Amino acid sequence: MINNTLIKKIFEAAYIQRWNDHLRPSMGFTELDKQAHKVIIAYVIGKIEEALGNNFSWLKLIEGSVFETLQRIITTDIKPPIFYKLKSVHGEKFNRWIYSEIKEKSGIEDNLFFENLDKYLFDERYCFFEKKILKAAHYLATYWEFKIIYDMNKNLYGIEKTRENILSEIENHYDLVSVKEIMTIRENTRNFIDLVGQLRFQQRWAHTPRMPETSVLGHMYIVAALGYFDNFHLQICDRLKYNYFFGGIFHDLPEVMTRDIISPVKRGVEGLDELLKEIEIQQIKENVLPLLPKTLHLEIEYFVKDEFECKFQEGGKTKFVSKDELFEKYNDDNFNPVDGKKIKEYDIIAAYFEALISIENGIKPITLLQAKENMEKKYKFLNIFINE
């Protein structure tokens with residue numbers, strides 16, 4: 001389903017500045033950053049709830065996150081308090097307008113997608129638990145932002161009321177044991193959420209002017225969203241679809257320890273890229289995994305180590321195969337398959353549109369023009385976007 005219109009629509013979230021009526025940092029506070037952070041928090045909540053025996057659909061959680069991202073892009077000019085007031089008073093009419101806007105402007109022409117979106121917006125029972133996780137993650141991500149801007153806005157009228165409202169919404173989700181524990185006793189989990197949040201402030205293409213600027217965390221969400229849309233209709237196992245999304249959302253997680261080292265630097269010294277990979281994994285093991293429940297360690301390491309390889313798991317071991325063999329023999333939930341080659345393509349597509357959109361916006365330094373041209377020459381799969 002991915003096409004130029006859809007990808008550019010998702011990138012619109014990078015223009016939307018959050019808390020823009022408050023003093024705040026100059027970067028890291030876009031809607032794209034918020035949605036990426038929210039998804040990772042939802043992942044942590046979901047894993048804790050799953051361990052407690054609460055069953056839900058991970059694929060519906062993924063889909064719900066995509067629906068809600070598109071919803072926020074459409075309603076960008078409406079402040080959150082007004083947004084929720086409109087939903088409470090004019091819920092069906094307001095949601096019908098959101099639905100029609102997404103259908104008209106997203107570039108998506110898939111009937112099943114819109115059938116699911118219709119149920120998500122208009123059926124309160126549909127994905128009830130998944131919606132609850134996402135809403136809790138939303139407020140936890142919002143509170144993370146608020147704590148940063150609070151000291152800069154102490155003298156603003158209404159700031160204490162805002163704080164009370166956010167905390168009240170979080171407390172309303174204390175029936176999720178995970179949320180209460182994150183706010184009270186799980187200090188390491190809070191530290192993980194904080195550490196991931198720092199990826200909001202790591203700028204992509206740091207040496208090159210661009211518009212819009214995007215963060216490493218925002219880029220991770222774009223890659224994950226491409227994985228969702230591109231594999232929406234493929235006859236593949238649920239675990240592979242899950243891994244396309246969360247493999248995308250975590251593929252650059254090591255950069256929270258090493259920063260975004262640009263490709264020319266990595267390629268400039270023979271063996272440097274491999275050494276950096278080793279350092280990244282070691283840093284993840286020593287500084288990131290200890291912040292998470294032990295039950296998540298193997299999965300996170302599986303996502304970030306050899307993240308662009310085709311692999312599966314058998315007998316507790318990771319094994320590598322060709323892409324064709326992965327789909328012929330291991331397209332089964334029991335093998336936990338990962339199509340890292342395709343995730344790499346999404347990574348490149350995201351980088352390509354980071355360059356393309358800036359150039360179309362008139363911010364086109366020579367390094368950006370050269371990068372776009374080099375990607376077009378090197379990666380033939382970009383032709384579908386070049387020729388569209």
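The values are calculated or read from the model by the stated rules, or taken from the named source; none is laboratory data. None of these values were measured; they are calculated from a predicted model. Using ideal geometry, Cβ is built from the backbone for each residue, glycine included, and neighbour counts are taken over all protein chains shown. Note: areas computed on protein heavy atoms with side chains; ligands, DNA, RNA excluded. Shrake-Rupley method; radii C 1.70, N 1.55, O 1.52, S 1.80 Å.
Taking the stretch 171-204 as the range and being open to solvent by 50 Å² or more (accessible area, probe 1.4 Å) and either modelled with pLDDT under 95 or in a helix (DSSP H, G or I) (or both) as the test, the residues that pass are Glu171, Val177, Lys180, Thr184, Glu187, Asn188, Arg190, Asn191, Asp194, Gln198, Phe201. Checked against the criteria, Glu286 does not count as in a helix (DSSP H, G or I), open to solvent by less than 60 Å² (accessible area, probe 1.4 Å) and either over 24 Å from Leu6 (Cβ atoms) or not β-branched (Val, Ile, Thr) (or both).
Close Cβ contacts (under 8 Å, 6 or more residues apart or on different chains) running from residues in the stretch 312-336 that are surrounded by 11 or more Cβ atoms within 10 Å (Cβ to Cβ) to residues that are among the aromatic types (Phe, Trp, Tyr) and part of a strand (DSSP E or B) comprise Thr318/Phe312; Lys319/Phe312; Val321/Phe312; Leu326/Phe312; Tyr330/Phe312; Phe335/Phe312; Asn336/Phe312.
The residue that is farthest from the chain's Cα centre (by Cα), counting only those in the stretch 26-76 that are assigned to a loop (DSSP other than H, G, I, E, B) and within 20 Å of Glu213 (Cα to Cα), is Ser26. Remark: pairs (first residue in the stretch 365-388, more than 17 Å from Lys344 (Cβ to Cβ) and free of Cβ contacts under 8 Å to residues at least 40 places away in the same chain; second residue open to solvent by less than 60 Å² (accessible area, probe 1.4 Å) and of a type outside the set (A, V, I, L, M); Cβ separation under 7 Å; 6+ apart in sequence or on different chains) = Lys372/Tyr352; Ile386/Glu376.
Pick from the stretch 14-25 the residues that are under 14 Å from Ser215 (Cβ atoms) and outside any helix (DSSP H, G or I): which of them is most open to solvent (accessible area, probe 1.4 Å)? Going through the qualifying residues, I end up with Tyr15.
Scanning the stretch 95-113 for residues that are open to solvent by less than 80 Å² (accessible area, probe 1.4 Å), part of a helix (DSSP H, G or I) and more than 21 Å from Gln35 (Cα to Cα) turns up Ser100, Leu112. For the stretch 82-102, the criterion of being touching an Asp or Glu at 6+ places or on another chain (Cβ under 9 Å) and touching a residue at least 60 places away in the same chain (Cβ under 8 Å) is satisfied by no residue at all.
Scanning the stretch 58-89 for residues that are among the small types (Gly, Ala, Ser) and surrounded by fewer than 15 Cβ atoms within 10 Å (Cβ to Cβ) yields a count of 1.
Going by the conditions given, is Phe11 touching a helix residue (DSSP H, G or I) at 6+ places or on another chain (Cβ under 9 Å) and open to solvent by less than 10 Å² (accessible area, probe 1.4 Å)?
Numbers: touching a helix residue (DSSP H, G or I) at 6+ places or on another chain (Cβ under 9 Å): yes; open to solvent by less than 10 Å² (accessible area, probe 1.4 Å): yes.
Yes.
Residue selection: Lys342 satisfies the criterion of being in a helix (DSSP H, G or I) and either modelled with pLDDT of 95 or more or open to solvent by 50 Å² or more (accessible area, probe 1.4 Å) (or both).
What number of residues within the stretch 205-249 satisfy the criterion of being without any contact (Cβ under 8 Å) to a residue 60 or more places away in the chain and surrounded by 21 or more Cβ atoms within 10 Å (Cβ to Cβ)? Residues that pass the stated criteria total 1.
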